[in-house]
Amino acid sequence: MNTLSERLRQIRVKSDLMLASSERNQVPIINRTWDQLEREMKSMDERIPHSQELHAKAHYFLASNGIDTEYVTAPIDTSNTFTRIEVEDDTNIEEFLNEEHEKTLIRIIEANRQETTNDFQSSYNQQFEDIFRSIEAERKEEAENVVDFQEFAKYDSTSGINRINEYAGVITNLNTNRSQDLDYDLIKGLSNIRNMSELKKAQDCTLETWHIMQHLVDQSDVPGRKEGRFIKTYASEPYQSFAAVKTRRALISASTSWLEQQSHQFINETLNRHAQIIKIGGNPLFNYRLRAFMDLTFKTSSGWSDDRLEIVDNLPIWAYVYYLIRCGHLDMAADFVDTHREMFATERKFVSYLEQYVNAEYHTVSPSTQKAILADYNKFEYGEHVVDPYKLILYKIMGRCELHKKSQPDIIRTVEDFIWLQLTMLREVVVDEETNALERYRLADVQKHVASYGNSYFDPDNTNPWIYFRILILTLQFEKAIGFLHKDKKYRLETVHFAAALAYHGLLRILPASRKDTKIMLITEDEENQVLYLNFQHLLYHYIQVFFPDSRQNAVQYLYLLSIYSSENGYPDQSMVHLARSYVCKYVIDSNDAKALLGTLNDEQHPGLIERQKSLLYIRSREHFIEAILYPTAEQCIQRGRCSDAVHIYSVAHDYNKMVDVLVKELTDALQQSHADRIVDLTLSDEPNTAIIQFTKEAMDYYTKFEPFTKAVTAERQNTIRILIHLLQFRTFYDQKEFNVAMQHLESTDIIPLRYDHQYILRLVERFNSLDDSIKKNVPEVLLNTMDILYKTWVSLLNRPTESSNHVKTAQAILMFTGLLQYSIPTDIIIRLNKAVVAMTKGR
């Protein structure tokens, strides 16, 4: 036992030494062992005598340090320490569950309320951010528009404005005919306007491109009116549908025929230039003139210019047949070969090849014939004998040989020849009809091949973009052509009007209305088939913003072009018509000229420009015009804080109650938000209070003269406007510290008691319940302002007891009025009013 005790003492000593310094510093170290402490305590006990006085001092010492000596010295009762206590089981499970259920419901309701509040706040913030970003984007775009117009003016310092107006005049004429359900030769009207370039070559290219477009429209054999002729089968149908393929075939044929006519014209012009040398005479037959062209082109004084040419009866027969086909005289070529079979004795099968090629559907020979043609072609191309290059290209065309070789430099020397060869070799068919992938060469493949060269290949000096633009049009890449020309700001006028002409005939795939927010000009939808969509709506709106900052009548004409893509013209739905209407509404707001565009209301109705042309937006009645144009425009004005415009628009719509709603909203916003806050909030009017008051008064004075207004707007509603005007005047003078004038306006409202009269207060309480909500929600703040005026005035009148006493009674009347309204006034407002009254009462 002693050993154990000794070991415990040693452990105690060691543990004391191992204590951290921070811990040792908190309690003084005794530096004594237990035995030493015990001996010293015994020594002290023997040395100090016991007495009652000393005992009392000890108790006092301990008590003064917070020690309960009676509790410490009392013996501990341990009799019940281990006694088992029986706890009475009085638990009510049903009550407990009900209580927990109630608590859970409260938590859920509170959580839902908090979630609803958060969602509302988040939604409000999101809407505010969206509106703010939208307005900022418009401001940025407006700044860019100024730069664009300056860029345009830099390149067109002479006749730019005239050309803008000339183009606008053509578009106006177009819409006039559309409103009368008549077709219009838009391409002819636009092509008569000179383009910006002063270079004759560029001028000629532009005019030639207009002619190409005219040819595509007129010679494509697609039936229907000019307006929207190709919308259904080109712009709307699925790319691989039979109708779409058939339309592309017709357009390819028209493009090919234009290139053939151009070649025909080139031959005639060449002969005319050398008329004195050739002396062809007056024979108008083309085959006769082509023989003369052969002599002029391939014959010299010493013989034929190319030894490879096969000459029969003094005629390069293969070149002659090629040029007949190249100039679009395929039947004439077949007749010549059939009539002069002996000339082709060396290639007797050629006669049957050509006959089958001419007569076959889509000029597609049978597989066996194609195989035979390909075998002959390979013999010519890769054999040991020299072959006439024109023979080789004829076999290539008939058998569509070596499609990977796109050209034959010996013969294909011009861009037009190259494009013609590609269009002649391709076969536009539905994918399912293609049995051999190696024989696939469709329009999309041609378009990819042409686009791979880019503008720099055809115009190395980058001086004439019309060359590449024309090539894109010839290969039916209409959207890409517009996108390419749009990049050059010098040609924005031409870009827009080429796009307008294409859109009028339905030859543009335009971006769907659902993607109206994108600013990208060209979007690729199907890379494999080269299906692109042009942002036509953005192109038009950007144009009118830049080039028509003041001409409202001209600007709005361009927006009507969007409605060409309607279900009546073959578009899948009316979404573009609705988009046209929304852009018209947007333009009315952006132009800040609602009166000119939407009309005015004086002694009689004066329809505006848009209402007179509402049929272009597929609006057939005034009621429909109100719903589709006036109401949406007014709502957007309200969202932007432009209440004065909204008031005018609702007046044009003869909806005077909505007009009064706008006035109420503007007055209420001014009462609840300071002018500084309204300037920051882009959804509220930034007009000062005085301007809002003046506008409201003038509007009410003006419209109350009209009988329809007084019939539609009740006296109570008019009185609401009157009260809100006085309240805003009260708030304005209150902010300016002009308390007397403020109280005069408040007294004019007669909604808050300004004298202590019990019956009068009860009457105002009863009247309060019948007030419009727009007034009720402003009363709490007005009460605070009124009490603040009374208190400050009372303080200034402390040395005049009678007058100060009157102010105290008025304050008490306001407090009584507030108390009688019960739940209509927030508790914190009542508390603040009560404090003011108590302070005034005690200080009296």
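Working with all protein chains in place, sort 756, 558 by solvent-accessible area computed with a 1.4 Å probe, largest first.
Values: 756 120, 558 0 Å².
Correct descending sequence by accessible area is 756, 558.
Just to check I understand the Karplus step: with θ = phi - 60° and J = 6.51 cos²θ - 1.76 cosθ + 1.60, what whole-Hz values come out for segment 322-329, glycine and proline as x?
With coefficients 6.51, -1.76 and 1.60, one gets 4, 5, 4, 5, 4, 8, x, 9 Hz.
Accessible surface of residue 352 in the full protein assembly, 1.4 angstrom probe, to the nearest 10 Å²?
60 Å²
When all protein chains stay in place, what accessible area (Å², nearest 10, 1.4 Å probe) is found for residue 701?
Here the residue's solvent-accessible area equals roughly 110 Å².
Could you state how much accessible area residue 329 has, in square angstrom rounded to the nearest 10, with a 1.4 Å probe and all protein chains kept in place?
Its accessible surface works out to 40 Å², give or take rounding.
Out of the total accessible area of segment 502-597 (probe 1.4 Å, heavy atoms of protein only), what percent is carbon and sulfur?
Working: 1450 of 3190 Å².
Roughly 45 percent, rounded to a whole number.
Within segment 731-747, which residues have the backbone N less than 15 Å from the label spot 7 Å out from residue 784 along Cα→beta-carbon, could you tell me?
Those under the cut-off are 731, 735.
Taking each pair of distinct Cα atoms in segment 199-324 once, what is the resulting Kirkwood hydrodynamic radius in Å? Provide the component values of the computation, followed by the final result.
Details: mean 1/r = 0.0561 Å⁻¹.
The answer is 17.8 Å.
In terms of solvent-accessible area of protein heavy atoms at a 1.4 angstrom probe, what is the ranking of 95, 110, 384, highest value first?
Details: 95 115, 110 90, 384 180 Å².
I get 384, 95, 110, largest accessible area first.
At 0.36 nm per residue, minus the direct Cα-Cα distance, what do residue 331 and residue 612 gain on full extension? Give it in nm, one decimal, please.
Values: separation 281, 0.36 × 281 = 101.16 nm, distance 5.39 nm.
Taking 0.36 nm per residue and subtracting the Cα distance, the gain is 95.8 nm.
Mind giving me the FRET efficiency for residue 417 and residue 304? R0 is 22 Å, r the Cβ-Cβ distance, nearest 0.05 is fine. All intermediate terms of the calculation are to be shown ahead of the outcome.
On the way: r = 21 Å, r/R0 = 0.95.
Efficiency at R0 = 22 Å is approximately 0.55.
Size of the chain along its principal axes in angstrom, Cα-based, largest extent first?
So the extents along the principal axes, rounded to whole Å, are 162, 105, 58.
What FRET efficiency would be calculated for the residue pair residue 277, residue 550, taking the C-beta separation as r and a Förster radius of 51 Å, to the nearest 0.05?
Working: r = 59 Å, r/R0 = 1.16.
The calculated FRET efficiency here is 0.30.
What distance in nm separates the simple spin-label points at residue 112 and residue 448, each placed 7 Å from Cα in the Cβ direction?
5.8 nm
Using a 1.4 Å probe on the protein chains only, how many percent of the accessible area of segment 651-711 belongs to carbon and sulfur? Mind showing how you got there, number by number?
Working: 1450 of 2860 Å².
Heavy-atom surface of segment 651-711 belonging to carbon and sulfur, 1.4 Å probe: 51 percent.
Compute the length gained on full extension between residue 717 and residue 359: take 0.36 nm times their separation in residues and subtract their Cα-Cα distance, giving the result in nm to one decimal.
120.6 nm
Once you put a point 7 Å from the Cα of residue 736 and another 7 Å from the Cα of residue 268, both along the Cβ direction, what distance in nm separates them?
8.3 nm
What is the extension gain from residue 97 to residue 406, computed as 0.36 nm multiplied by their sequence separation minus the C-alpha to C-alpha distance, in nm to one decimal?
Details: separation 309, 0.36 × 309 = 111.24 nm, distance 8.65 nm.
Once the chain is fully extended between residue 97 and residue 406, it gains 102.6 nm.
How large is the accessible surface per residue of segment 615-722, computed with a 1.4 Å probe and reported in Å² as a whole number? Please report the intermediate quantities before stating the final value.
Values: 4750 Å² over 108 residues.
The answer is 44 Å² per residue.
For the pair residue 838 and residue 207, how long in nm is the line joining their label points, each one 7 Å along Cα→Cβ?
9.5 nm
Quick one: what are the phi-derived ³J(HN,Hα) couplings along segment 474-480, Karplus 6.51/-1.76/1.60 with θ = phi - 60°, whole Hz, x for glycine and proline?
Karplus-based 3J(HN,Hα) across segment 474-480 equals 4, 9, 6, 9, 5, 5, 5 Hz.
Which whole-number percent gives the relative contact order of the chain, counting Cα pairs below 8 Å spaced six or more residues apart?
Values: 798 pairs, mean separation 73.4, N = 844.
In percent, rounded to a whole number, it is 9.
Using the beta-carbon distance between residue 795 and residue 595 and R0 = 45 Å, what value does 1/(1 + (r/R0)^6) give for FRET efficiency, to the nearest 0.05?
Values: r = 52 Å, r/R0 = 1.15.
E(calc), rounded to 0.05, equals 0.30.
Using a/c under 1.5 as the rounded threshold, could you call segment 640-728 rounded, prolate or oblate? The axes a ≥ b ≥ c are square roots of the C-alpha gyration tensor eigenvalues, and prolate needs a/b larger than b/c, oblate otherwise.
Working: a/c = 2.32, a/b = 1.63, b/c = 1.42.
Prolate shape, in that a/c is at least 1.5 and a/b is the bigger ratio.
Sort 34, 304 by accessible area with a 1.4 Å probe, largest first. Spell out each step's value before the answer.
Details: 34 155, 304 55 Å².
Sorted by accessible area, descending: 34, 304.
Taking the convex hull of the Cα atoms, report for segment 601-674 its projected area averaged over all directions, in nm².
On the way: hull surface 21.5 nm².
Over all viewing directions, segment 601-674 projects a mean Cα-hull area of 5.4 nm².
The values are calculated or read from the model by the stated rules, or taken from the named source; none is laboratory data. For clarity, every value in this text was computed on a predicted model and none was experimentally measured. A quick note on method: Cβ atoms are made from the backbone with ideal geometry, for glycine too, and the neighbour counts reach across all protein chains shown. The area values use the complete protein model at the heavy-atom level, side chains included, leaving out ligands, DNA and RNA. Shrake-Rupley method; radii C 1.70, N 1.55, O 1.52, S 1.80 Å.
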